[in-house]
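Engineer: Have a look at this one.
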Amino acid sequence: MNKNFDLERLVRPNVLQMKPYSSARDEYKTDGRKMTFLDANENPFENGVNRYPDPQQGKVKQVLASQKGVSETKILLGNGSDEVLDLIYRAFCRPQVDNVITLPPTYGMYKVLAGLNEVEDREVVLKSNFQPDVEAILAEVNEQTKIIFLCSPNNPTGNSFSEASVEKILKDFSGLVVIDEAYIDFSAENSWLERLEEFPNLVITQTLSKAYGMAGIRLGICYASEEIIAVLNKIKPPYNVNELTQQRALERLSKPEEVNREVQLILEERDLLAANLSKMAFVKEIFPSDANFLLARVENAGEKYEQLIKAGVVVRNRSNQQLCENTLRFTVGTPTENQELLKKLKELEA
């Protein structure tokens, strides 16, 4: 528990005073009766998407709440996790005044959104084992530090942060701690969602883009206290998650066994890919992964990247990130795709 946490102090004063926009569908809540809707200036001719979507995505939240064991009032949905992250910046960080802390190498959108919102990004580089330097992080905190972003499992390194490190940050920092769990479904570690009630300053973001295979529908999820979610709901666009996205999300969430089978296959393929890559002479190190990708240090990453492009295989060159010199990131594909990658790499090696 963080006894120094004061949500009102963190929220931007203008956001505290705001009244959220009230849409037609916010003002009228359906009670199951067949109604004639003449309130939202919609085209009345039915085609499946002529009506505005549920602005609070009630059905999707209901399913997520049931599956995750969290109250619906502690869930916010966004147009991808990037919208959720942007809402967090805009609700809590005053432009040209406040700052956030990020831990490179990490997901690049934290820095982009800091720049977009004119918020200082105080970078504290991970230790050589890709774990947070907790003392250095806390030493960077000042009165204007509103958020610490932790990506765990981390992108691009693939590792999870130690529970002790995260717990100390949650207890000792009086601002928000945002844990980005985009890859949590591929990890043997428990989600911090299980400890949401312990920490009033904990915010967790997840997504349907990775394990659920729904990158194309753009659905991000935020879990936090009811009070934090209420602040974010104040500023979110009224219909930020479209009807087609909600329908496809419900369809996919109704098939947890299918998702679990795919995740298990990806994990098996990740191990096979790591074993095969480790036998290649140009691969110097493969880092442990709790995600659906492998980061490998190789000889001349730039050259290998270009050679793979010419061979028809696209991977990610992460060499421009701190601590990631000469590294390539390999997303785990289907068994066929992984065999194709290994075949091309063997040809390049020969």
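The values are calculated or read from the model by the stated rules, or taken from the named source; none is laboratory data. Just so you know, these numbers come straight off a predicted model, no measurement behind them. Positions of Cβ are generated from backbone atoms using ideal geometry, with glycine treated the same way; all protein chains shown enter the neighbour counts. With ligands, DNA and RNA removed, areas are computed over all heavy atoms of the protein, side chains included. Shrake-Rupley method; radii C 1.70, N 1.55, O 1.52, S 1.80 Å.
Engineer: Kindly write out, for the stretch 186-194 in residue order, the coupling ³J(HN,Hα) from the Karplus curve 6.51 cos²θ - 1.76 cosθ + 1.60 (θ = phi - 60°), rounded to whole Hz, with x marking Gly and Pro.
Structural biologist: 9, 9, 7, 6, 6, 5, 5, 4, 5
Engineer: While we're here: Amide H of THR207 versus every other amide H placed in the peptide plane: which residues, excluding those fewer than 5 positions away on the same chain, fall under 5 Å?
Structural biologist: HN-HN under 5 Å from THR207: ILE221.
Engineer: So what are the radius of gyration and Dmax for the Cα set of the stretch 290-350, in Å?
Structural biologist: So, for the stretch 290-350, Rg and Dmax equal 11.3, 32 Å respectively.
Engineer: I would also like to ask the following. Order TYR212, TYR110, TYR305, most accessible first, counting only protein heavy atoms with a 1.4 angstrom probe. Present the calculation step by step, with values, prior to reporting the outcome.
Structural biologist: On the way: TYR212 30, TYR110 5, TYR305 60 Å².
Result of the area sort, largest leading: TYR305, TYR212, TYR110.
Engineer: Which percent of Cα pairs goes in each bin when the distances of the stretch 219-350 are cut into 5 angstrom slices starting at zero?
Structural biologist: Result, from short to long distances: 2, 9, 15, 16, 13, 10, 10, 11, 8, 4, 1, 0 percent.
Engineer: Same structure, new question: Taking just the alpha-carbon atoms of the chain, what radius of gyration and Dmax come out, in angstrom?
Structural biologist: When restricted to Cα atoms, the chain yields Rg and Dmax of 21.9, 70 Å.
Engineer: About its Cα centre, what dipole magnitude does the stretch 106-240 give when the only charges are +1 on Lys and Arg Cβ and -1 on Asp and Glu Cβ, stated in debye to the nearest 20?
Structural biologist: 480
Engineer: In addition: In a Debye calculation with equal point scatterers on the alpha-carbon sites of the stretch 24-132 and no solvent, what is log10 I(q)/I(0) at q = 0.19, 0.21 Å⁻¹?
Structural biologist: Values, matching the q order: -1.05, -1.13.
Engineer: Continuing with this model, one more query. Please identify the DSSP H helices in the chain that span no less than 27 Å along the helix axis (Cα) and have a mean Kyte-Doolittle hydropathy of 0.5 or more.
Structural biologist: none
Engineer: Starting at the first residue of the stretch 289-300, write each ³J(HN,Hα) from the Karplus equation 6.51 cos²θ - 1.76 cosθ + 1.60 with θ = phi - 60°, in whole Hz, x for Gly and Pro.
Structural biologist: 10, 10, 10, 9, 8, 10, 9, 10, 8, 10, 6, 6
Engineer: Would you calculate a helix-derived [θ] at 222 nm for the chain, using -39,500 (n - 2.57) for each DSSP H run of n ≥ 4 and dividing by the full residue count, to the nearest 500?
Structural biologist: -11000 deg cm²/dmol
Engineer: Could you quote the convex hull projected area for the stretch 109-229, Cα atoms only and averaged over all directions, in nm²? Mind showing how you got there, number by number?
Structural biologist: Details: hull surface 32.4 nm².
Mean projected area of the Cα convex hull: 8.1 nm².
Engineer: GluC sites (Glu not before Pro) within the stretch 126-177: which are DSSP loop residues with at most 16 other Cβ atoms inside 10 Å?
Structural biologist: Those that pass, being in a loop and sparsely packed, are GLU143.
Engineer: Using a 1.4 Å probe on the protein heavy atoms, what percent of the accessible area of the stretch 1-79 belongs to carbon and sulfur?
Structural biologist: 50
Engineer: On average, how much accessible surface per residue is there in the stretch 6-101, in Å², for a 1.4 Å probe, leaving out ligands, DNA and RNA?
Structural biologist: Accessible area per residue, the stretch 6-101: 58 Å².
Engineer: Okay, next question. Kindly report, to the nearest 10 Å², the accessible surface of ILE184 as traced by a 1.4 Å probe over protein heavy atoms only.
Structural biologist: Its accessible surface works out to 20 Å², give or take rounding.
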